[in-house]
1. How far is the Cα center of the range 14-92 from the Cα center of the range 112-145, in Å?
2. Taking the Cα centre of the chain as the origin and placing charges on Cβ (Lys, Arg +1; Asp, Glu -1), which of 135, 151, 101 is farthest toward the positive end of the dipole?
3. Suppose a student asked you for the relative contact order of the range 16-165, using Cα pairs under 8 Å spaced at least 6 residues apart; what percent would you report?
4. Rank-order 55-63, 15-23 by packing density, defined as the average count of other C-beta atoms within 10 Å over each peptide's residues, highest first.
5. May I ask you to order 26-34, 133-141 by the average number of other C-beta atoms within 10 Å around their residues, highest value first?
6. Lys and Arg at +1, Asp and Glu at -1: add these up for the other residues within a Cβ distance under 14 Å of residue 36 and post the number.
7. Given points 7 Å out from each Cα along the Cα-Cβ axis, report the residue 92 to residue 149 separation in nanometres with one decimal.
8. Ratio of the range 41-161's C-alpha Rg to 2.2 N^0.38 Å, to two decimals?
Amino acid sequence: MTYVSCNIFLVKPAEELRYLVLAIQREGNRLLATDLRPLGITPSQAEVLRVLRDHGPLTLNALGGLLVCETGTSPSRLVERLVGQGLVRRETDKVDRRYLALSLTSRGRQLCRRVVTAEERLHRRIADLVAGQPVDETISTLRAVAEAFPAGAALARRRDTVKEK
């Protein structure tokens, strides 16, 4: 077993990787939440808006299969709140009338543009932090780990099916 010295204690590389990813995720989510607060939505709600913008209209099940924030559970609470805010519309699915199709309302599309701006600010900050680092190798490593889990598989589906905007 290989151990890496981490100032105070010894840690397995997989454990350190896990905690580094967790730390980055928490800080990124905190920064994004701060930017989204004036818009009246959470990072999870913003993700629903982005997925619907990029892949919609979608059924609730299809939406759930593309979300990272709500993997393994139904995104129905998120959708209900967004419908209540007038950001998401539910209509009978054109392909299968037994289902409801979710899409962005005009207000949802407008707000989504502001979400994109907030995300781009965060992405620029991250890009500045990793400038000069072997990012492609890091992304390949993280994909290999993430895609073994439902959230990573959802992200892979989104990456593979994104619509041109």
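None of the figures in this text is laboratory data; all of them are computed from the coordinates on show. Note that the structure is a prediction, hence the values are computed from the model and not measured. Glycine also receives a Cβ, built like all others from the backbone with ideal geometry; neighbour counts cover every protein chain displayed.
1. So the two Cα centres are separated by 17 Å.
2. Ranked along the dipole, the leading option is 101.
3. Reported relative contact order: 27 percent.
4. Those peptides, ordered most packed to least, come out 55-63, 15-23.
5. With the highest mean Cβ count within 10 Å placed first, the list reads 26-34, 133-141.
6. Values: positive: 30, 37, 50, 81, 113, 114, 121; negative: 35, 47, 119, 120.
Every neighbour counted, the sum reads +3.
7. My value for the distance between the label points is 4.1 nm.
8. Here the Cα radius of gyration is 1.16 times the empirical estimate.
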